[in-house]
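This report concerns only the one structure given below.
The values are calculated or read from the model by the stated rules, or taken from the named source; none is laboratory data. Given the structure is predicted, the values throughout are model-derived calculations rather than measurements. Don't worry about glycine lacking a Cβ; one is built from the backbone with ideal geometry, like all the others, and counts go over all protein chains shown.
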Amino acid sequence: MPNLKRLLTLALAALLTLCLTACDRTSTPAPPAPSTTATTTRGGGLPVAPEPEEDEPGFDCVTMGNKVCGPDTPVTKAADVAPVQHEVEVRVQADPTAGAVFRVIGEVFGDTGPINMPAVGYDGAQFTTTKAVGELDLEVRIGTGACEIYYDGRDIASVSQSGANPVVTICRVRGI
């Protein structure tokens, strides 16, 4: 009888453990089984759950199907986008008979040093950049005359001075 009592105690303890494990109410319920009942086998013949279709729960567009996420148009990564090119134009104007000179400093010009004004009385240069207006570092100096700096066709710096006394006219765009 003592062995029977011990055997019943062990059986009762095992049953109680099984019940507590199976009846644990703190765990989350298992997700519902997929509506598809077909299974396939691979390799050793073990059943494998079918891959969910696009727009079904569990579908991962990065690793499943045609591996295209979203609409049919391909997703463009930032690295694939070419930087926007902006056109910068520098213009100077002065009386060439007065021996006018100008100088451009910064950006693609470095420091041009003094340049004689052409006989037509004006000059200009253009370049493209990916910099925003606030990132430009450009200065144009001219004696009595006018200077202008355009960014994508928009006047961002212009000064005009006239008179008998040569005054240095400066158009400046300084980046931050």
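Side notes on the structure shown:
- Inter-residue pairs, beta-carbon under 9 Å, first on the phi > 0 side of the Ramachandran plot and in segment 114-136, second exposed (fewer than 14 other Cβ atoms within 10 Å of the Cβ), 6+ apart: 121/95; 121/97
- For segment 132-157, the tally of residues that are farther than 14 Å from residue 102 by Cβ, hydroxyl-bearing (Ser, Thr, Tyr) and modelled with pLDDT under 90 stands at 0.
- Pair list, Cβ under 9 Å, 6 or more apart: segment 150-161 residue at positive phi, other residue modelled with pLDDT of 90 or more: 152/86; 152/87; 152/88; 153/87; 153/89
- Residue match in segment 165-172 (condition: surrounded by fewer than 18 Cβ atoms within 10 Å (Cβ to Cβ), of a type in the set (Lys, Arg) and modelled with pLDDT of 90 or more): no
- Where residue 72 falls short, out of the listed (1) outside any loop (DSSP other than H, G, I, E, B); (2) at pLDDT below 90; (3) among the charged types (D, E, K, R): (1)
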